[in-house]
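Only the coordinates and a few stated rules stand behind these numbers; no lab work does. The structure displayed is predicted, hence computed values, not measured ones. Backbone-built Cβ (ideal geometry, glycine too); neighbour counts: all protein chains shown.
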Amino acid sequence: MSERRQHDVARQSAAGRQALALSSARADGTDVAARTRVLGMLFAALLGAAGFASLAVDDVLAETVYRYEEQGQTIYQDRAPASTQDNGHAVLNNQGVVLQQVLSRQDRRSQRQQERQRELARIRDRALLATFTAEEDLVRTRDDRIGMIDGLISRLDDRIRILSDRLAIVDKRVQMQEKSMGEGSAQASLYSEQQSIQRNIENAWSLIDSKAAERGELNDKFEDDLARYRELKAIR
């Protein structure tokens, strides 16, 4: 190939590269411009949506209606009830649809109590499952607790029997002395002992009644615990 021919080929190759580079640059410029236009349209759409939402919120707030009961009458107004009115109220839109129901003080108190009861029930469930690994453990614990109360009642019965026997002896001595010396003329110590024994017997009977009631309550509690424990185990 002649030197002139080589020079022409080199010049054409350089021109081709320059044309390719220019074409690529124009394409990149077109893409950038297109992306810029798309982003601008999206930004404008977002601004429009935000403005529309703001107007919608303003319309809702402007048209909010409050409904509540006062002295047997239903009141509608465009402002919240006074703080002294604590019987609850409803918040409505202009279509009459309830948007929010504000409870009265009594209802809020009742709701808190119900939530507390549910929380206590959950605590009880966790305690049952954590304390007893099997139903037999719960039954054994119940029998042990009730057995302790039965044992105390039995000892109180024995004490009452012993005190009754002692009271019978003291009563007989009082009767003998009063027979010989007149009514109310027995030794003062005998009257004091007689009254003391009677008080002790009454106290023992009172304690028996209290323990019998405690036994019944304890048995009922364990029966409820046993039933709940079976439910929890069945769920698991």
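If the segment from Leu99 to Glu183 were pulled out straight at 0.36 nm per residue, it would be longer than the present Cα-Cα gap by 21.6 nm. Counting neighbouring Cβ atoms within 10 Å and putting the fewest first, the residues Asp144, Asp86 line up as Asp144, Asp86.
Selection among Ile169, Tyr229, Ile149 by position relative to the dipole of the range 133-235 gives Ile169 as farthest towards the positive end (Cβ unit charges, Cα centre). In straight-distance terms, cross-link reach from Lys233 covers every one of the lysines whose alpha-carbon lies under 30 Å from its own, apart from those fewer than eight places away in the same chain; here that gives Lys221. Assign one of three labels to the range 79-133, namely rounded, prolate or oblate, based on the Cα gyration tensor with a ≥ b ≥ c the square roots of its eigenvalues; rounded applies when a/c is under 1.5, prolate when it is not and a/b is larger than b/c, and oblate otherwise. Verdict is prolate for the range 79-133. For Lys172, the aspartates and glutamates whose Cα comes closer than 14 Å to its Cα, not counting residues fewer than 8 places off in the same chain, are Glu183, Glu193. Fewest-first ordering of Arg145, Arg155 by other beta carbons within 10 Å of each residue's beta carbon gives Arg155, Arg145. Kirkwood analysis of the range 133-235, using all unique Cα-Cα pairs, places the hydrodynamic radius at 17.0 Å.
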